[in-house]
Amino acid sequence: MPLLKSWNTRNFIFLGLLTVLLVCDIAFLTTQSRMPLYIALLLVLVMISLIGGRVIPSFTVAALRRRGMDVRIHDQYTLDKIALLSLAAVVGALLVSGPASLVFAVACFVSALIHFLRMRRYHTVLAFKDPMLWILHLGYGWLGAGLALAGLSVFGVGVFPAALHAITVGSIGSMTLGMMCRVTLGHTGRDLAATRLTTFSFLLMQLAAVLRVFGPIFLPEHYTVWVVSSGLLWSGCFALYFLSYAPMLWLPRPDRQPA
């Protein structure tokens with residue numbers, strides 16, 4: 001309703017994406033097939049690609065300018081659109097050919113390449129000076145890595161579940177945690193600066209992703225160890241968020257402005 005009332009046509013696409021997610025949910029519950037889950041996961045990647053393409057460059061440039069750096073946003077509208085179309089192609093290839101087909105592999109490789117090409121203009125190297133920035137860049141990077149791993153799995157290099165966990169633990173986990181911290185700070189009138197504990201949680205998220213993705217590939221005999229370790233680290237990241245940021249959400253803003 002807020003979108004319709006404000007007629008914010010730029011974000012109408014999310015009404016369609018959320019509707020498709022609902023259909024995937026219903027399809028999974030009624031058929032118990034994994035395919036709707038794979039489609040839903042790729043739709044979340046579409047959201048990360050769409051929103052990340054908007055906010056990561058703007059957040060990065062704004063933060064770097066506050067540090068006195070002379071940087072600017074590089075518009076790449078065509079590449080942004082192609083990135084979304086490439087993910088649509090991955091979805092189509094998955095539906096038509098399945099996750100073990102050459103068509104699916106090619107679609108994944110092309111989409112991964114396009115998303116990495118977008119990052120050339122995101123000032124990623126400079127972003128590593130600020131944890132509140134690099135967590136978003138790494139989350140976006142895991143998106144491309146997950147697509148590349150999905151393509152490689154078709155040729156027997158790694159396994160398809162590893163690609164799924166690069167996307168879920170790495171990309172979705174990093175982007176979610178990074179945005180939760182940023183939004184909490186920004187909307188409670190605080191500086192967008194990561195504490196040591198926040199930075200530690202960001203690092204734990206990357207370790208959780210690395211263990212879950214690459215542990216079973218290189219040392220499959222310790223599969224349970226990798227799964228449990230990664231799960232504990234991943235959960236610990238959000239536990240640290242709760243301990244650090246929850247009080248900000250119920251205490252008055254430092255600037256005494258309305259919440």
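Which of the residues belonging to region 15-65 are under 17 Å from the mean Cα position of the chain (by Cα) and over 20 Å from GLY173 (Cα atoms)? Within region 15-65, just SER58 meets the criteria.
Inside region 187-209, residues that are in a helix (DSSP H, G or I) and either in contact (Cβ under 8 Å) with a residue 40 or more places away in the chain or exposed (fewer than 13 other Cβ atoms within 10 Å of the Cβ) (or both) make up a count of 11.
Could you count how many residues in region 64-105 are assigned to a helix (DSSP H, G or I) and out of contact with any Gly (no Cβ under 6 Å at 6 or more places or on another chain)?
Kept after step one, since they are assigned to a helix (DSSP H, G or I), are these residues of region 64-105: 64-66, 77-97, 102-105.
Those left that are additionally out of contact with any Gly (no Cβ under 6 Å at 6 or more places or on another chain): 64-66, 77-79, 81-97, 102-104.
Of the residues in region 64-105, 26 are assigned to a helix (DSSP H, G or I) and out of contact with any Gly (no Cβ under 6 Å at 6 or more places or on another chain).
Here region 147-186 is the region considered, the condition is being under 30 Å from ARG256 (Cα atoms), surrounded by fewer than 17 Cβ atoms within 10 Å (Cβ to Cβ) and not β-branched (Val, Ile, Thr), and the residue that is modelled with the highest pLDDT is MET180.
The set of residues from region 1-21 being in a helix (DSSP H, G or I), over 19 Å from LEU84 (Cβ atoms) and not aliphatic (A, V, I, L, M) comprises PRO2, LYS5, SER6.
Residues to consider are ARG212, ARG196; find the one that is modelled with pLDDT of 95 or more and farther than 26 Å from THR168 by Cβ.
Values: ARG212 fails: farther than 26 Å from THR168 by Cβ.
Within the list ARG212, ARG196, the selection yields ARG196.
Taking residues in region 143-167 that are closer than 19 Å to TRP234 by Cα, and partners anywhere that are basic (Lys, Arg) and at pLDDT 95 or above, the pairs with Cβ atoms closer than 7 Å and at least 6 places apart or on different chains are HIS165/ARG212. Regarding region 79-90, can at least one residue be identified that is surrounded by 15 or more Cβ atoms within 10 Å (Cβ to Cβ), over 28 Å from VAL159 (Cα atoms) and without any contact (Cβ under 8 Å) to a residue 40 or more places away in the chain? Yes, because at least one residue in region 79-90 is surrounded by 15 or more Cβ atoms within 10 Å (Cβ to Cβ), over 28 Å from VAL159 (Cα atoms) and without any contact (Cβ under 8 Å) to a residue 40 or more places away in the chain.
The values are calculated or read from the model by the stated rules, or taken from the named source; none is laboratory data. This one's a predicted model, so the numbers in the text were calculated from it and none came from an experiment. All Cβ positions, glycine included, derive from the backbone under ideal geometry; neighbour counts span all protein chains shown.
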